[in-house]
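Here is the structure we will look at.
The values are calculated or read from the model by the stated rules, or taken from the named source; none is laboratory data. Given the structure is predicted, the values throughout are model-derived calculations rather than measurements. Neighbour counts run over all protein chains shown; Cβ positions are idealised from the backbone, glycine included.
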Amino acid sequence: MKRCSGIFALIILTLLFAAAVCRAAPRPVYYLAAVGSVNPGLAEFILAGINEAEKQQAEALVVQLDTPGGLDSSMRQIVQAISNARVPVIVFVSPSGARAASAGVFITQAAHVAAMAPGTNIGAAHPVSIGMGGKMDQTTERKVLNDFVAYGRALAEEHGRNPDWMEKAIRQSVSIPASEALKLKVVDLRADNLDDLLAKLNGRRVLVRGKPQVLQTAGAPLKEIPETLHYRILEHIADPNIAFILMMIGLAGIYFELAHPGVVLPGVIGATCLLLALFAFQALPVNYIGVLLILLAFVFFILEFKVSSYGMLSLAGVAALLLGAIMLFREKGGGGMGVSWGLLLPMVFTVSLFFIAVAGIVFRSHRGRVVSGAEGLVGERGVAVTSLAPEGRVFVHGENWQAVSHEPIAPQEPVEVLAVRDLKLRVRRVTQKS
């Protein structure tokens, strides 16, 4: 009994020691580098990082931010994900020389802790439309501006930062360096690097979904969330202008392959670009009426070399292509969403000219004289191999043929093919005058 009691006590002590070690070992801090414009690709990458940190029960997630700004829709998606995260999200504007401009200001203000490295800056958050023409009327601009101000002030106030400066950054596009941002309480910390940041975060109290949490980051292991190829591709092509270019190249390549079967290369390039465009569309707010209009234009251009419409189908195709490009993306908020006029008009003109030119070449080739096969023998000249009275053999186009003539023809006399019926030629004698 004494031996059993000793073993039981040893087990209890081992378990208590293991529990104490587990409590003492700090949980890892995950981090990711959010570099470049705020677009659907970057938003998806940050959201995936938050999900991974939650799944691994991380102590916190650090987002190293360096952005010139970007799309309003993607920015709001990131802000919402940070606000609803189950782990503390620290936005760290770094390394030195980085910036959090425009949409990046809102992302920084949404963080549970906002930090900046020396030599960085934040600001210039005035909304700019990148939609058609890049301009808004005064009423729309005032509504958008007031909406952004209210949104920015709410984020700053929620985390105890400076809402008045946030309003100035939106209305007046002011921008300040890291040292001034700390003085004005625009951010919470200034750190040289990730290690310095973790040291300064240790023991800091934050509210995560309304519940207080004390960060234990001293000595915490750092684990990077790498940017996969999927997110890299999406970041580069998830731009309305690039997605539109890819779609136009894709349709042009497939159109050329249909008009000239067997060339292969244009079809391969076209299919690849079209798939990349569809990959981008699944992340962008696409208006499918615009997509259908562009596809309708594609159908009109194909019908142009099948039907004699005297250019009417081509004109309808150009109109459908232009309208489809304008309606391709839905505009959301002040960020705008669409293909810029500077790209749209030259692209529509170039692609339409290409479609019409290819259709014209195909149409002319269909109306031209047949130069191959049995029908291609009509009009060809040769010589009689045997006498034709009325049937015999002739030598035409390098081959001997059965032939018939309504007039007698002697051997070695020149003949001309009038018609081909059941692989038998109908010929006539060729006089020197003809």
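Tabulated values for the structure
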read-out: Subset of the range 68-81 (residues that are β-branched (Val, Ile, Thr) and surrounded by fewer than 23 Cβ atoms within 10 Å (Cβ to Cβ)); value: VAL79
read-out: Count - residues of the range 383-428 that are without any contact (Cβ under 8 Å) to a residue 24 or more places away in the chain, of a type in the set (Gly, Ala, Ser) and surrounded by fewer than 16 Cβ atoms within 10 Å (Cβ to Cβ); value: 2
read-out: Boolean, VAL174 is buried (at least 19 other Cβ atoms within 10 Å of the Cβ) and in contact with a strand residue (DSSP E or B) (Cβ under 6 Å, 6 or more places away or on another chain); value: no
read-out: Sole residue being within 21 Å of GLU235 (Cα to Cα), outside the structural domain of LEU345 (by TED's automatic domain parsing), of a type in the set (S, T, N, Q) and part of a helix (DSSP H, G or I), chosen from ASN51, ASN146; value: ASN51
read-out: Residue that is farthest from the chain's Cα centre (by Cα), among those in the range 153-171 that are touching a residue at least 12 places away in the same chain (Cβ under 8 Å) and farther than 15 Å from ALA110 by Cβ; value: TRP165
read-out: Verdict on LEU215 being surrounded by 16 or more Cβ atoms within 10 Å (Cβ to Cβ) and touching a Pro at 6+ places or on another chain (Cβ under 7 Å); value: yes
read-out: Odd one out for ALA280, checked against (1) modelled with pLDDT under 85; (2) part of a helix (DSSP H, G or I); (3) more than 30 Å from MET75 (Cα to Cα); value: (3)
read-out: Failed item in (1) within 29 Å of ASN51 (Cα to Cα); (2) outside any loop (DSSP other than H, G, I, E, B); (3) among the polar types (S, T, N, Q), with SER179 passing the rest; value: (1)
read-out: Pairs with Cβ under 6 Å, 6+ apart, first in the range 176-190 and in contact (Cβ under 8 Å) with a residue 12 or more places away in the chain, second in a loop (DSSP other than H, G, I, E, B) and among the hydrophobic types (A, V, I, L, M, F, W, C); value: ALA181/VAL187
read-out: Test result for ALA319, assigned to a helix (DSSP H, G or I), of a type in the set (Gly, Ala, Ser), within 15 Å of MET247 (Cα to Cα) and out of contact with any Phe, Trp or Tyr (no Cβ under 6 Å at 6 or more places or on another chain); value: no
read-out: Which listed residue, of VAL174, VAL186, is among the β-branched types (Val, Ile, Thr), closer than 12 Å to ALA114 by Cβ and within 35 Å of the chain's Cα centre (by Cα); value: VAL186
read-out: Qualifying residues in the range 354-391 (those that are of a type in the set (D, E, K, R) and at pLDDT below 75) - the one nearest to LEU313 (Cα to Cα); value: ARG364
read-out: The listed residue being in the same structural domain as PHE355 (by TED's automatic domain parsing), surrounded by fewer than 20 Cβ atoms within 10 Å (Cβ to Cβ) and either outside any helix (DSSP H, G or I) or of a type in the set (Ser, Thr, Tyr) (or both), out of GLY267, GLY262; value: GLY262
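Table: residues versus (1) at pLDDT 90 or above; (2) buried (at least 18 other Cβ atoms within 10 Å of the Cβ); (3) over 29 Å from ASP239 (Cβ atoms).
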{"site": "LEU293", "(1), (2), (3)": "yes, yes, no"}
{"site": "VAL299", "(1), (2), (3)": "no, no, no"}
{"site": "TYR310", "(1), (2), (3)": "no, no, yes"}
{"site": "LEU313", "(1), (2), (3)": "no, yes, yes"}
{"site": "ALA325", "(1), (2), (3)": "no, yes, no"}
{"site": "GLU331", "(1), (2), (3)": "no, yes, no"}
{"site": "GLY334", "(1), (2), (3)": "no, yes, no"}
